[in-house]
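The values are calculated or read from the model by the stated rules, or taken from the named source; none is laboratory data. Only a predicted model underlies this, so the values are computations on that prediction, with no experimental measurement involved. Glycine also receives a Cβ, built like all others from the backbone with ideal geometry; neighbour counts cover every protein chain displayed. Side chains are part of the model used for accessible areas, which takes the heavy atoms of the whole protein and leaves out ligands, DNA and RNA. Shrake-Rupley method; radii C 1.70, N 1.55, O 1.52, S 1.80 Å.
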Amino acid sequence: MLDSYSTPAKGSQKRALTTPEHPQSKRGVARLPSPSLLLSPASFSPSATPSQKYGMRGGRGEVVSSFGTVQGPRWTGKGQSSVRVEMLEGGENSLISSYKYMFQRLRDVRDVLTEKIEELGEELRSHFNIEEFSAVSLPVQNSITVLGQVCCDSNGKLNAQSVLLEAGQEQGGRQVPVDLSELKEFSLFPGQVVVMEGMNPSGETFVATKLYEGIPLPFHCPEVKQEMDEVSEPVMVVMACGPYTPSESLTYDPLIDLITIINKDRPDVCILLGPFVDSKHEQIEKNQVTETFETIFKRCVDSIVEGTKGSGCRLVFVPSQRDVHHHYIYPQPPFNLSSLSKDDSARVTLASDPCTLLISNVTFGLTSTDILFHMGAEEISCGTGTERFTRIMKHMLTQRSYYPLYPPAEEVNMDYDKFQQFSQMNLTPDILIVPSELRYFIKVNHSHFQICLFIYHRAGAELSFSCRVFVRSGTGGSAEELSSVFARLSVCSELSVEFFHVLCLNALNCFECLNWQDLKHV
């Protein structure tokens with residue numbers, strides 16, 4: 001058994017007792033800022049060799065798709081270390097440290113789900129002027145309005161014939177099958193809180209005739225007086241998600257290239273989402289490494305911090321469920337980087353998964369968990385006229401949660417006590433970042449005279465994307481103006497987005513060029 005933890009020997013590996021001609025100071029090596037030295041392939045795996053496919057990629061910088069009117073802002077920041085990056089929740093609503101888990105009871109899970117049904121139900125009742133909710137199992141011949149949570153009648157995938165509606169405790173708490181044949185359009189998934197109109201003549205099956213959609217929360221509204229007095233400089237935000245290695249090697253060449261881009265473009269803020277040490281990497285799964293996972297992660301962080309020190313940008317680290325060295329729980333606490341110096345800690349923000357950040361009066365909603373992939377496998381729809389990604393993103397906003405799916409995917413270990421406290425949306429973010437193994441896209445949702453920009457980029461083992469966001473905050477107006485879409489654009493008077501490949505290897509093992517995709521609002 002112990003042989004599996006050692007590197008196979010091809011011969012005698014006795015170290016030669018020779019003195020090097022040019023000895024190098026260990027203290028000097030530790031101070032070298034070059035990321036390539038800290039991320040030396042030989043230091044992680046005995047068989048680690050640079051990826052030939054990654055090194056031979058070509059066509060970088062070629063435009064392959066665009067969205068909106070591309071006017072091309074200058075993609076160069078100023079490295080403004082004075083840009084404030086704030087956790088919008090703040091105080092007790094922010095997850096800032098690890099916690100004990102694996103202690104939840106089924107009763108606690110039920111209480112969290114019941115409270116979610118009641119809270120969203122009260123918002124829907126008030127918005128649509130509904131007098132009261134009836135019991136879903138009540139046999140009636142007249143039309144009634146019911147409140148409940150969508151669930152499946154078995155352990156299989158949800159379909160139109162297996163939909164159940166589970167009422168809250170105030171409405172009896174029973175599960176009743178739902179007949180969707182009378183609905184012209186619907187989009188449902190397990191865990192969704194909905195309000196339905198219909199009849200239940202026998203008390204055994206509820207025939208739905210109308211479905212009420214959820215209501216998104218309002219956007220963040222900065223103080224008007226402060227906006228009128230201050231004119232902010234344009235802020236450039238770079239975002240990237242892992243894995244930061246090629247799929248066939250543990251070399252961190254994509255991460256080194258990303259650091260080079262950061263030093264070249266000098267963004268004001270750089271948001272890096274995990275995984276940094278990917279648990280799904282073949283060499284990690286087979287334990288073909290010579291150092292601990294924590295050591296590999298520490299070298300990654302040291303490379304990023306030291307390698308970008310000259311750019312002056314603020315760094316944000318967000319963990320992932322696939323980070324093999326970190327807590328495997330959702331919501332996921334931030335990394336613990338106690339070894340950082342005081343100066344480095346001042347420009348590093350450690351965020352949880354999920355989290356909401358406030359950068360230059362623009363809110364960023366972040367989650368590294370692949371909710372798009374999980375919900376896409378469970379959601380059913382009919383006659384909606386919209387594509388699936390848009391519906392899923394809308395569900396996240398209307399359900400006011402970064403992970404509204406219940407039960408969660410098998411790979412997600414949910415702690416529902418902390419989920420209720422740290423994984424709910426307190427507002428609708430301006431920009432929602434959701435890495436996924438599915439195809440990248442940028443979506444704009446016009447809802448209730450507000451604009452929400454969706455950004456999504458691939459984070460699978462074969463593709464790694466980065467994204468630039470260019471934000472210019474202008475002067476605001478009166479409180480009445482801030483409630484309109486035009487004033488929302490005056491707060492974010494210029495917002496541009498582009499995608500580019502750092503690692504360009506698709507599922508067919510063919511090479512793609514860098515993908516630049518711009519979006520501009522004026």
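Entry remark, region 239-263: residues being in contact (Cβ under 8 Å) with a residue 60 or more places away in the chain and more than 18 Å from Thr367 (Cβ to Cβ) number 16 in total.
Among Ser154, Ser137, Ser94, which is the only one that is over 23 Å from Pro404 (Cα atoms) and modelled with pLDDT under 90? Within the list Ser154, Ser137, Ser94, the selection yields Ser137.
Could you grab me the full set of residues in region 175-210 that are touching a Gly at 6+ places or on another chain (Cβ under 9 Å), among the charged types (D, E, K, R) and not in a strand (DSSP E or B)? The answer is Glu182, Lys184, Glu185. Sub-6 Å Cβ pairs linking a first residue in region 150-172 that is without any contact (Cβ under 8 Å) to a residue 24 or more places away in the chain to a second residue that is part of a loop (DSSP other than H, G, I, E, B), at least 6 apart or interchain, are Ser162/Asp153; Leu164/Asp153, ordered by first then second residue.
Residues that are open to solvent by less than 10 Å² (accessible area, probe 1.4 Å) and more than 16 Å from the chain's Cα centre (by Cα) within region 375-397 comprise just one, Glu379. Taking the listed residues Val318, Val305, Val348, Val362, the one that is under 15 Å from Ser94 (Cα atoms) and either touching a His at 6+ places or on another chain (Cβ under 6 Å) or among the β-branched types (Val, Ile, Thr) (or both) is Val318, with no other qualifying. Being polar (S, T, N, Q) and over 14 Å from the mean Cα position of the chain (by Cα) is the filter; apply it to region 401-430 and report the residue that is least open to solvent (accessible area, probe 1.4 Å). The residue in question is Thr428. Based on what the data block shows, is Val193 in contact with a Leu (Cβ under 7 Å, 6 or more places away or on another chain), open to solvent by less than 80 Å² (accessible area, probe 1.4 Å), closer than 27 Å to Ala409 by Cα and of a type in the set (Val, Ile, Thr)? Yes.
Would you confirm whether any residue within region 329-347 is buried (at least 20 other Cβ atoms within 10 Å of the Cβ), part of a strand (DSSP E or B) and modelled with pLDDT of 90 or more? Yes: one or more hits.
Can you find, within region 233-246, the residue that is farthest from Cys313 (Cα to Cα) among those that are modelled with pLDDT of 80 or more and part of a loop (DSSP other than H, G, I, E, B)? Filtering region 233-246 for residues that are modelled with pLDDT of 80 or more and part of a loop (DSSP other than H, G, I, E, B), the one farthest from Cys313 (Cα to Cα) comes out as Pro246. All conditions but one from (1) surrounded by 13 or more Cβ atoms within 10 Å (Cβ to Cβ); (2) in the same structural domain as Ala351 (by the TED database); (3) not β-branched (Val, Ile, Thr) apply to Ser82; the one that does not is (1).
Considering each of Leu337, Leu358 in turn, give the residue that is aliphatic (A, V, I, L, M) and without any contact (Cβ under 8 Å) to a residue 40 or more places away in the chain.
Within the list Leu337, Leu358, the selection yields Leu337.
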